[in-house]
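Have a look at the structure below before the remarks.
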Amino acid sequence: MRKSLLILILTIFILTSAPAMAGGGKTDVNQIGSINFTDKVVYFQSHTSDPAEGNWITMGCPNEGRRIQLPQPIKLTYSGPKYVEYGGAAGTLNKDEEESYTITYPSTNSYTTLPVYLPNEDVSMYFHGETGLEGENVDIYLFKLTSDCAYGLLDAFQAGDIENLNTLFQDSVDEEYKKYSTQLGDCGDLSDYDLECPGEGQYCIVMVQQNDDGSMTVLSSTAFVVVESELCVSSPSSIKKGDELDISITGAANENACTYGAILIKEQAYKANIEINSDGTRDGTSVIINDLDLIDEFDITSSNYRSKLTRNELQKEIQTLIGEGNGAIAIGEAGQKTLSLTAFDLPVGCYYLLVGAYNPEKGLVGLSQLEVEIKSKGNSNSNKKEENEEKHEPEKNVKTKEQCQQFVSNGHRVKFEFTKGATSVGYVEFNAKKTAGSIETIIEELKGRSSNAPVEPEGEVYKHLNIRVGDGGFANSNNIENAIVGFRVSKKWITENHINMDAITLQHFNGDQWDSLKTDKVDEDDEYLYFEAETPGFSPFAITASKNVL
């Protein structure tokens with residue numbers, strides 16, 4: 001990976017994830033500043049922390065599960081002169097000379113998470129503008145970001161030649177963009193605007209307004225990613241302090257040509273406090289993210305910014321950005337799909353795990369995020385229920401089996417549907433309290449009692465079952481809630497065994513005894529009765545009933 005690509009990512013994050021400047025050519029909307037090029041004046045619309053009126057872009061989500069948590073809070077502060085000349089252009093920020101200017105990103109879920117799209121999915125955007133923009137005509141530019149974009153911009157800044165906007169635009173972007181034109185609706189908003197299905201790559205959206213005097217107003221901008229493949233990441237949801245975190249990754253196209261990387265970041269350290277300090281000169285400017293001087297650390301102003309970082313150098317640089325004691329990083333060799341993160345010296349707490357796949361010819365081709373908890377040793381080995389859930393059933397006792405995989409994302413209802421009808425269970429669903437990535441649920445219909453249950457349940461047994469959700473004891477009250485099992489019972493079995501239909505119940509073995517779960521009939525057809533049962537956990541189950549007294 002090149003230094004310039006890393007710098008590009010960080011620059012895009014600064015300029016798009018938390019737009020620093022904004023303004024317009026109208027008197028009834030807020031301007032924060034402008035840049036005067038020789039061929040055009042560009043105004044920037046102001047941003048506030050108001051999610052409805054703050055002039056922000058949000059992205060529609062293709063799938064409830066594929067969202068990446070952004071650092072929170074995201075706050076950008078500029079401390080420097082209000083007027084700067086550089087490379088033939090001049091910038092003005094509408095503030096007092098000694099005043100700092102701060103932008104804080106809205107804290108709602110739509111703003112603090114980033115959707116990850118696949119190539120066949122529609123990309124849609126929303127604009128939440130201030131009321132004074134109602135009815136305005138706007139242009140939406142969709143840029144595909146490449147290494148050539150980075151080189152074009154960096155070359156121009158190195159040469160001090162940014163005076164002509166059209167030349168700068170063509171030299172850096174060339175033909176890698178699309179333009180859409182539309183009109184803002186009520187209250188200056190734009191709802192569910194379709195950007196079609198762009199191919200895989202990293203993209204930037206810039207919304208502008210062409211003014212009558214030939215100037216241009218940048219209303220807002222943001223970034224998103226379209227990956228070639230949906231990564232399947234297998235990792236425990238929790239580990240004991242002192243252990244390493246082992247993960248495996250599959251799902252990337254041409255996976256043996258990819259380089260896989262994983263970053264573990266402590267939740268409290270996952271923030272972006274960005275400070276830009278300047279005396280009006282290039283050498284006197286610093287960009288500090290979470291107390292790290294980005295320009296000095298990554299040598300941005302040097303002439304060798306095109307040089308490549310080795311894998312070890314890149315790991316070291318990113319570890320420095322994360323901060324010691326706040327997380328860990330691992331980057332494998334090409335084709336290495338299992339990684340081990342050194343987590344033994346990390347403190348107890350909740351962490352974000354970001355996993356990516358990089359193809360040298362295509363760039364980023366897969367991106368996923370999970371949540372991991374590091375627990376103290378005393379708390380991690382005391383739960384016998386989790387040990388029972390992880391004990392697999394002997395194959396000789398398994399009659400039939402069916403499995404389903406879904407993406408589990410914090411705050412969303414997840415439903416695993418078993419459409420083949422191989423067992424009596426039709427679906428399993430629950431509310432996720434943590435993001436865990438792709439999780440597999442397995443239903444086993446058994447020939448006899450589960451090996452995890454030492455005693456038989458009371459009543460007539462229709463079916464013995466095992467239901468396993470994920471690995472590593474994921475399905476516990478810390479991670480899920482309001483879980484439901486949907487199942488069916490044969491009317492033929494009910495008639496032949498003189499079963500009291502009102503007494504059909506799903507029982508769950510809790511590690512010590514069988515518990516009868518709240519079970520309700522929800523439907524029926526010519527062959528089956530259909531039920532739902534609320535369950536506090538998973539693994540051994542039995543569908544039972546009592547007989548009618550004749």
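General remarks:
- Cα-Cα over 22 Å, subset of K271/K377; K463/K492; K75/K144; K271/K337; K415/K492: K271/K377; K75/K144; K271/K337; K415/K492
- Neighbourhood net charge (11 Å Cβ-Cβ; Lys/Arg +1, Asp/Glu -1) for D523: -2
- Nearest-0.05 FRET efficiency for N431 and W493, computed from C-beta distance (R0 45 Å): 0.90
- Ranking of C258, C187 by count of other Cβ atoms within 10 Å, fewest first: C187, C258
- Each peptide in 100-111, 447-458, 530-541 gets a packing score, the mean of other Cβ atoms within 10 Å over its residues, and the list from highest to lowest is 530-541, 100-111, 447-458.
- Alpha-carbon Rg/Rh ratio, for segment 72-124, with Rh computed the Kirkwood way: 1.20
- By the count of neighbouring beta-carbon atoms within 10 Å, fewest first, H392, H508 end up ordered H392, H508.
- Segment 481-532 and segment 65-117: distance between their alpha carbon centers, rounded to Å: 55 Å
- Cα gyration tensor category, rounded, prolate or oblate, for segment 192-274 with a/c compared to 1.5: oblate
- Other-chain or far-sequence residues with amide H under 5 Å of K40's (modelled H): L165
- Cα gyration tensor shape for segment 384-545, rounded if a/c is under 1.5, else prolate or oblate: prolate
- Å³ per residue enclosed by the Cα convex hull of segment 71-187: 182 Å³
- Charge context of V226, other residues only, Cβ under 10 angstrom, K/R +1, D/E -1: -2
- Residue order for T112, T423, fewest other beta carbons within 10 angstrom first, comes to T112, T423.
- Between S79 and A257, the FRET efficiency estimated from the beta carbon spacing at R0 = 35 angstrom works out to 0.20.
- Per residue, the convex hull spanned by the alpha carbons of segment 418-464 comes to 138 Å³.
- Both radii are taken from the alpha-carbon atoms of segment 138-279; with Rh as the Kirkwood radius, Rg/Rh is 1.06.
Only the coordinates and a few stated rules stand behind these numbers; no lab work does. A quick note: this is a predicted structure, and the numbers were derived from the prediction, not measured. Methodologically, a virtual Cβ is constructed for each residue, glycine included, from the backbone with ideal geometry; neighbour enumeration extends over all protein chains shown.
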